[in-house]
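Colleague: Quick one: structure below, then a few questions.
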Amino acid sequence: MIARRGPDFAAMIARLYGHLSRHCRAGGRWLTAALAGLGVACAAPVPRIERNDAELTVAVARWDAPSGCRLTYRHYLPVGPPRGQALLAPGWLRAAHHLDGLARALARAGITAVMLDWCRAGAWCGRAVREAQDMVALARALGPAPTVYLGHSAGGLRAVLAADLDPRARGAVTLDLVDRQGLGWRVARTLAPPLLGMAGAPSRCNANANGATVFTFAPRARLYTISTARHCDFETPSDGWCAALCPPPPGHNEHENRARIVTAAVAAVVALLTQHLEHWPPPE
């Protein structure tokens, strides 16, 4: 389980998040502070087409984020007019391709999926807040489409923070959320948009399911638990490294779990975009 530090650290986090004008050095760059500038900070480039077929178009681009990070992101574009967009954040030390299957499923459902690869340089100081700000800035740069933020593990924390920072957000979706140092539940107490999430069996890989606490604090939250799922099942695809670190729980069936998770995640994004939360979670 991730240990919580003392009140001094909690106070630092509260100041960092509550007063974004107070800067924190990370790798020699100042943490971007002014939300008013997020919409015009850096225009998103036109993505280069990587794949174009009858089902969807996949394009790739690099973008200079307000934090100073040069992000790579992929656009998964539906064939017809999009119903909205979802920004996807991978977990800690994971890459965008670990959510590739989900992004394709979203595009096939008529939703533009935008998948991020994070910069890894610099210290942790303020990283979750900084990367959430970058998500919001990219959403603004891509245009006025209704937006849902989605993330796996530590990426789920970024999704919650981004939904809180972006007044236009329709909500956040988390996949086996890991809440670093309790920042998520502190933010969740005043989170305005809805929060939908899925969780697997408690393990060392999801900090003993500490992300569930976030859902007890958020005023408009629903958590769908799959007790036979392990942390890796929320990736599409995962890899042997994750499988080696995260043992399966009793009754584990990776193929069935992953199919349920992708179906429920797409349904969650649709429910938030349409604001029909009564349709989620989907029936078993």
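Coordinate-derived values only; no laboratory data. None of these values were measured; they are calculated from a predicted model. Quick reminder, even Gly has a Cβ in these numbers, built from the backbone with ideal geometry, and neighbours come from all protein chains shown.
Colleague: If you find the alpha carbon centre of segment 133-184 and of segment 212-284, how far apart are they in angstrom?
Modeller: Going from one Cα centre to the other spans 16 Å.
Colleague: Name the shape class, rounded, prolate or oblate, that the alpha-carbon gyration tensor gives for segment 97-213, where a ≥ b ≥ c are the square roots of its eigenvalues, rounded holds for a/c under 1.5, and otherwise prolate holds if a/b is larger than b/c and oblate otherwise.
Modeller: Numbers: a/c = 1.37, a/b = 1.23, b/c = 1.12.
Note, shape of segment 97-213 comes out rounded.
Colleague: Calculated FRET efficiency, TRP241 and ARG168, Cβ-Cβ r, R0 30 Å, to nearest 0.05? Before the final figure, lay out each step's value.
Modeller: Values: r = 37 Å, r/R0 = 1.22.
E(calc), rounded to 0.05, equals 0.25.
Colleague: If you place +1 on the Cβ of every Lys and Arg and -1 on the Cβ of every Asp and Glu, how big does the dipole about the Cα centre of segment 137-284 come out, in debye to the nearest 20?
Modeller: Numbers: 13 positive and 11 negative charges, 101 e Å.
I would put it at about 480 debye.
Colleague: With the cut-off at 1.5 for a/c, could you classify segment 227-279 from its C-alpha gyration tensor as rounded, prolate or oblate? Walk me through the numbers before you get to the answer.
Modeller: Numbers: a/c = 3.32, a/b = 2.27, b/c = 1.46.
Cα axes put segment 227-279 in the prolate bin.
Colleague: Extension gain LEU277-GLU256, at 0.36 nm per residue separation less the Cα-Cα distance, in nm? Please list the in-between numbers first.
Modeller: Details: separation 21, 0.36 × 21 = 7.56 nm, distance 2.41 nm.
Value of the extension gain: 5.1 nm.
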